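Below: one structure, written as structure tokens.
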Amino acid sequence: MKGFFKTNKYDLQVKIGTERKIYAIILFSFLCMSLITAIQTKESTPEKKEMSKEEKRVLVDGNIEKTEYIQEGVLQRFIQKTKKENTVLVEYFDGEGKPEKQLGDYFAFLKEQDEEGNDIKTTYLGIEKQPINTVWGYGMVTRTYDEEGHKVSERYFDKNGEPVIFVSGYHEVVNLYENDRNVLSTYLDEHENPIISELGYAILRRTYYDEKPIVGKVAYEYYFDESDKPIAVSRGQFGIHNEYDEDGQLVAITYLDADGNAMRNNLGYAMIKKTYYENGSLDTETYYDEYGKPMALTNGQYGVKWVNGQMVDIDSNGRQMFALRNHLHGHLISVIVVALLITVLSLFLGKKANFLLLILFLLCIAYMTLLYRGEVIMKARLDLFWSYRDFFSSLSTRVDILNNIWLFWPLGTILFRLSQKRSVVIVAVLTSIGIELLQYVTGVGTTEIDDVISNGLGGMLGMWFGYMMMPFFEAFPFKRHVTR
């Protein structure tokens, strides 16, 4: 019997040793992939220079219309429209002529038109031109028009033609027009009753500019509930006032209270001003109080600037500021180094110090994910593995996924160091779910299931690292003094 237990103990040691070898291979492979991606990111970032203007060229050949977009003499992308009877097939391609995925995860769409040329039905298509559901929750849209050709209603269906709710939380939107302008939009549920959508309101009222050169641009927007009473939306405002330059570009947004006066929104400013590059892309956004005076936000920044596709904070003079959050978001190698340093520190520290480190790290995660983040295109994206499908084809998507994984790597190690239980991965996942829910409630960032998956993977990899390396750190001669 004694020999039996010795044999079992030996087998257990072999099993544990094998596990650590497997973990080591996985972790080393992941680290190598992350470093290669970081190098690719650095190599793909162009030198800072003035952005060149994109040229557009339209070519027509029979029933095919091709619109090319050219930059510095190189074809960047093109859109091809093929007309046949009462339908128009619109396809998107990159500069090499390969199908190009659009924001909604579609590659093309088919429009059906009435005798006046109005688009009465749109079906979204995949890479093989098959009907698909977009990330917005629908695969098909139907529309109705009045005698003047104004779009009166828009209703949403899935790829099979079944009624479905739009990702913004409504089944249908109905519009009212005055002087050819959409002055009222009402959002409806499946029973055609007004509903407060994910936009934060059930009814939207608009007024417009009448003077040139911005005739027809929206001047004011005000928000109302199902009973037509004023309602505050996610940023706390009851309405907004838009201002434009001579080229029709939006240059200022002022947030309004229920009485139409300037007010500070939940992010701390009452007005945001915008400037643009020559090619029309956004250059800077700066913040002001209700009196029009420049003001600083959470990081002391007076605004943000877009440089080579990255958003950086700027001071009151428009100079770039160093912000840890922005630096980490834009530099994967820095995320890796910081994550590994925190991980190693956790393995050296005792349990009391690790508990303090855990609190500090959770505050860091909150800082990275919940403090000021700009307006988002989508409040939630709940389709599973959408980003992972583009992991190898899109460098930016791969960087985002790896950032989310490395962000939670130290959390997995710290939790394992405190409990020495592999089930701590569940705590990491629950933490991620909590963050995503807070993002959804507060409206900062986009709530994504894929982020929870990435964070969970990070927690698991960090736990593996702690499980694999802790015996080595325990062997240090001075370790017994540190852990007391």
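The values are calculated or read from the model by the stated rules, or taken from the named source; none is laboratory data. Keep in mind that this is a model prediction, so the values were computed, not measured. Reconstructed Cβ throughout: ideal geometry from the backbone, glycine too, with neighbour counts over all protein chains shown. For accessibility, only protein heavy atoms count, side chains too; no ligands or nucleic acids. Shrake-Rupley method; radii C 1.70, N 1.55, O 1.52, S 1.80 Å.
Residues satisfying the criterion are present in segment 274-290 (criterion: within 22 Å of residue 245 (Cα to Cα), in a loop (DSSP other than H, G, I, E, B), at pLDDT below 85 and open to solvent by 60 Å² or more (accessible area, probe 1.4 Å)).
Could we say that residue 201 is under 25 Å from residue 442 (Cα atoms) and either of a type in the set (A, V, I, L, M, F, W, C) or open to solvent by less than 50 Å² (accessible area, probe 1.4 Å) (or both) here? Yes: the conditions hold for residue 201. If residue 308 meets every condition in (1) open to solvent by 50 Å² or more (accessible area, probe 1.4 Å); (2) modelled with pLDDT of 90 or more; (3) under 30 Å from residue 397 (Cβ atoms) apart from one, which number is that one? Against the list (1) open to solvent by 50 Å² or more (accessible area, probe 1.4 Å); (2) modelled with pLDDT of 90 or more; (3) under 30 Å from residue 397 (Cβ atoms), residue 308 comes up short only on (2). With a requirement of 1 or more residues that are among the small types (Gly, Ala, Ser) and open to solvent by less than 40 Å² (accessible area, probe 1.4 Å), the strands (runs of 3 or more DSSP E) lying completely within segment 81-174 that satisfy it span 108-113, 151-157.
Looking only at residues of segment 243-273 that are touching a Leu at 6+ places or on another chain (Cβ under 7 Å) and surrounded by fewer than 18 Cβ atoms within 10 Å (Cβ to Cβ), we find that the one that is nearest to residue 215 (Cα to Cα) is 244. Among the residues of segment 180-214, write down those that are part of a loop (DSSP other than H, G, I, E, B) and of a type in the set (Ser, Thr, Tyr). Within segment 180-214, 197, 201, 209 qualify. Taking residue 177, is it at pLDDT 95 or above, surrounded by 14 or more Cβ atoms within 10 Å (Cβ to Cβ) and assigned to a strand (DSSP E or B)? Yes: the conditions hold for residue 177.
Do the conditions hold for residue 394, that is, is it within 25 Å of residue 40 (Cβ to Cβ) and at pLDDT below 85? Against the criterion (within 25 Å of residue 40 (Cβ to Cβ) and at pLDDT below 85), residue 394 qualifies. The listed residues are 19, 55, 65, and the only one of them that is modelled with pLDDT of 95 or more and of a type in the set (Asp, Glu) turns out to be 65.
In segment 465-478 there is at least one residue matching the filter, namely being part of a helix (DSSP H, G or I), open to solvent by less than 60 Å² (accessible area, probe 1.4 Å), modelled with pLDDT under 85 and under 23 Å from residue 24 (Cα atoms).
Note on segment 387-404: residues that are assigned to a loop (DSSP other than H, G, I, E, B) and either open to solvent by less than 40 Å² (accessible area, probe 1.4 Å) or aliphatic (A, V, I, L, M) (or both) amount to 3. Checking each residue in segment 405-434 for being of a type in the set (Val, Ile, Thr) and either surrounded by 24 or more Cβ atoms within 10 Å (Cβ to Cβ) or over 21 Å from residue 350 (Cβ atoms) (or both) picks out 405, 413, 414, 425, 426, 429, 431, 433.
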